[in-house]
Amino acid sequence: MAKKLAAGNWKMNGTGADLAQVSALIAAHPAPKCDILICPPATLLSRMSDAAKGSAVKTGGQDCHADASGAHTGDISALMLADTGASHVILGHSERRADHGETDAQVRAKALAAQAAGLIAVICVGETEAQRDAGDTLSVIASQLAGSLPDSCTAVNTVIAYEPVWAIGTGRVPTTDQIAQVHDLMRDALTARFGDADMTLLYGGSVKPDNAAEIFAVANVDGALVGGASLKAADFSTIIAALDAS
Ligand code: PGA
């Protein structure tokens, strides 16, 4: 059985005052069945990791450089993330792919670095609306998986997030059939390539308290990567409870 994970992606949101949201989350979920992860901006990682120490809440970065150190102004390495107490790092999010031109090959190199640093790589894939309209969704996902995952991926060091680009931050969500179709394809492709049927597969894109239970009932959905609804403890808490109940 794949390990269930409720992951929050704070994106470029949050300052010290928002650590109170994490304290509230910790208090609300002393012994969850699923894993809980918050990926705050890098500026908050150390403080959040310290605040979450000994609790059920894990912390992660939102990106890392493929090198361990060096002359890369503004970048952060996987080793540095691990040094803050982080256990995960999101890689290849569509906002990174779009805003920074990240390619599958770069995501793969970052995933290798993350795994080498002992982090769990949360690797994102997802089609644009134009690709879905053209009927290319499954081939796009298969090709992103093939290109973005290093051969070293296992169920222990890798989580995959399916995030349709058109569903992120829009309030639009694929039908449960559409989610099932992609998650079934991912399970089959990953099992065929890695021989490991237990990789955690997240759905992401406009997951909210009121649609979480329906999404978690879909086969091969092992949790969610949540943006906007992870910023407030009350909303994220409802999503965590839905995953625990699924
Ligand atoms: P959203 O973002 O939940 O705000 O749609 C999801 C994501 O980009 O990870």
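The values are calculated or read from the model by the stated rules, or taken from the named source; none is laboratory data. This structure is a prediction, so every number in the text was calculated from the model and none was measured. Here Cβ is always computed from backbone atoms with ideal geometry, including for glycine, and neighbour counts include all displayed protein chains. In case anyone asks, the SASA skips ligands and DNA or RNA and just uses the protein heavy atoms, side chains included. Shrake-Rupley method; radii C 1.70, N 1.55, O 1.52, S 1.80 Å.
Per residue, segment 4-127 exposes 43 Å² of accessible surface when a 1.4 Å probe is rolled over the protein heavy atoms with every protein chain present.
Probing with 1.4 Å while keeping every protein chain in the model, the per residue accessible area of segment 145-187 equals 37 Å². In segment 5-245, a dipole from Cβ-located charges (positive for Lys and Arg, negative for Asp and Glu) runs towards its positive end, and of S46, T103, A82 it is S46 whose Cα lies farthest in that direction. Just name one of V57, A242, G8: the one whose Cα is farthest towards the positive end of the charge dipole of the chain (beta-carbon charges, Lys/Arg +1, Asp/Glu -1). So the residue furthest toward the plus end is V57.
Given a 1.4 angstrom probe, I'd like the percentage of the accessible area of segment 5-245 that is carbon and sulfur, rounded to a whole number. So the carbon and sulfur contribution to the accessible surface is 53 percent.
GNM remark for the chain: springs join alpha carbons under 10 Å apart, and the peak mean-square fluctuation among T137, T59, T175 falls on T175.
Taking trypsin sites (Lys or Arg not before Pro) that fall in a DSSP loop and have at most 13 other Cβ atoms within 10 Å as cut points, what is the longest piece of the chain between them? Walk me through the intermediate numbers first.
On the way: sites that count: K33, K53, R172.
It runs 54-171.
Ordering I168, V140, A224 by the projection of their Cα atoms onto the charge dipole of the chain, which places +1 on the Cβ of Lys and Arg and -1 on the Cβ of Asp and Glu, puts A224 at the extreme positive end. For K208, the aspartates and glutamates whose Cα falls under 19 Å of its own Cα, not counting residues fewer than eight places away in the same chain, are D35, E163, D177, D222, D235, D244. Of D67, D188, the order by accessible heavy-atom surface (1.4 Å probe, DNA, RNA and ligands excluded), from most exposed downward, is D188, D67.
Centre-to-centre separation between the Cα atoms of segment 62-91 and those of segment 188-224: 26 Å. Once C-alpha pairs closer than 8 Å and six or more residues apart are averaged by separation and normalised to the residue number of the chain, the relative contact order reads 21 percent. Placing unit charges on the Cβ atoms only, positive for Lys and Arg and negative for Asp and Glu, gives segment 1-113 a dipole magnitude near 460 debye about its Cα centre.
Summing Lys, Arg as +1 and Asp, Glu as -1, what charge do residues with Cβ under 14 Å from the Cβ of T154 carry, T154 excluded? Let's see the in-between values first.
Values: positive: K3, R193; negative: D151, D196, D198.
After counting each charged neighbour, the total is -1.
Charge dipole of the chain (Cα centre as origin; +1 on each Lys and Arg Cβ, -1 on each Asp and Glu Cβ, all else neutral): 520 debye, rounded to the nearest 20. With all protein chains in place and ligands, DNA and RNA left out, the 1.4 Å accessible area ranks H183, H72, H29 as H72, H29, H183, largest first. Note on D75: accessible area approximately 80 square angstrom, rounded to 10, probe 1.4 Å, nucleic acids and ligands left out.
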